[in-house]
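What follows is a single structure, written as structure tokens, with notes after it.
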Amino acid sequence: MDFRNEKGVKLNLTSLQVMRAENILEAAKHFEKLSEDDVQYYVSLWENIRAKESVIHLFSKSGSYLSGDETFFDQYLLNRCSDVPQRSSYVVGYTLCEIWDEFCDTSVGDIFLFYRLKELANLGKIEISNPHEDAERAAMVFDVRKVTEDYPEFITDSK
């Protein structure tokens, strides 16, 4: 559908929530009422989702329902970490892009991924250093480095 803002610039809208009110009637022409079978399918799907005690609820690109605990995206974060320190915002930003590419999902937020980085540090999988000098920003802006057994933190001299 072709929508334009008040300045005439074409918009690629993905949600009715961000449409101007006068565009909703045009958008409504492209919707159809769900059949009873479809309604039942979505009711059943919602009941299934609500019954699971998962933290993460997503759909794959093919439409398959996926769920998991809060560690669901940890490997994505770890894949972006290296043995060279890099800013947490870099790791989180690229991880969000990977999540979008794989799931077309924007429900996972950066704050959740920053929280997971700190949890990975508590588990000893990454190290956090060089926090931002502002205490508030330091909660999310810091360097991360993957901890590997091949690169011990301290090597002692045997002399």
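The values are calculated or read from the model by the stated rules, or taken from the named source; none is laboratory data. Bear in mind that the values here come from a model prediction, so they are computed numbers and not experimental data. Ideal geometry is used to build each Cβ from the backbone, glycine not excepted, and the neighbour counts take in all protein chains shown. Just so you know, the surface numbers come from the protein's heavy atoms only, side chains and all, with ligands and any DNA or RNA stripped out. Shrake-Rupley method; radii C 1.70, N 1.55, O 1.52, S 1.80 Å.
A few notes on this one:
- Counted by Cβ distance under 13 Å from V43, the other residues give a net charge of -3, where Lys and Arg count +1 and Asp and Glu count -1.
- Accessible area ranking (1.4 Å probe, heavy atoms, ligands and nucleic acids excluded), largest first, for R137, R87: R137, R87.
- Helix-derived mean residue ellipticity, 222 nm - over the chain, DSSP H n ≥ 4, -39500 (n - 2.57), to 500: -11500 deg cm²/dmol
- Principal semi-axes in Å for the chain [√(5λ), Cα gyration tensor, largest first]: 42, 22, 12
- Nearest-ten-degree value, helix 88-103 long axis tilted from longest Cα axis of the chain: 40 degrees
- Cα-based helix-to-principal-axis angle, 36-51 vs the chain, degrees rounded to 10: 20 degrees
- Within a straight-line Cα-Cα reach of under 30 Å, K125 can be paired with the following lysines, leaving aside sequence neighbours fewer than 8 residues apart in one chain: K52, K61, K146.
- Using the average count of surrounding beta-carbon atoms within 10 Å as a protection proxy, the listed peptides 101-110, 138-147 rank, highest first, as 138-147, 101-110.
- Percent RCO, i.e. relative contact order, over the stretch 73-147, from Cα pairs under 8 Å lying at least 6 residues apart: 42 percent
- Carbon and sulfur %, accessible surface of the stretch 70-148 computed with the full protein complex present, 1.4 Å: 53 percent
- Dipole-positive endmost among W100, H57, H30 within the chain (Cβ charges, Cα centre): H30
- Overall size of the stretch 70-148 from C-alpha positions, given as principal axis extents largest first: 34, 29, 20 Å.
- Normalised by the number of residues in the chain, the average gap of Cα pairs under 8 Å and 6 or more apart makes the relative contact order 17 percent.
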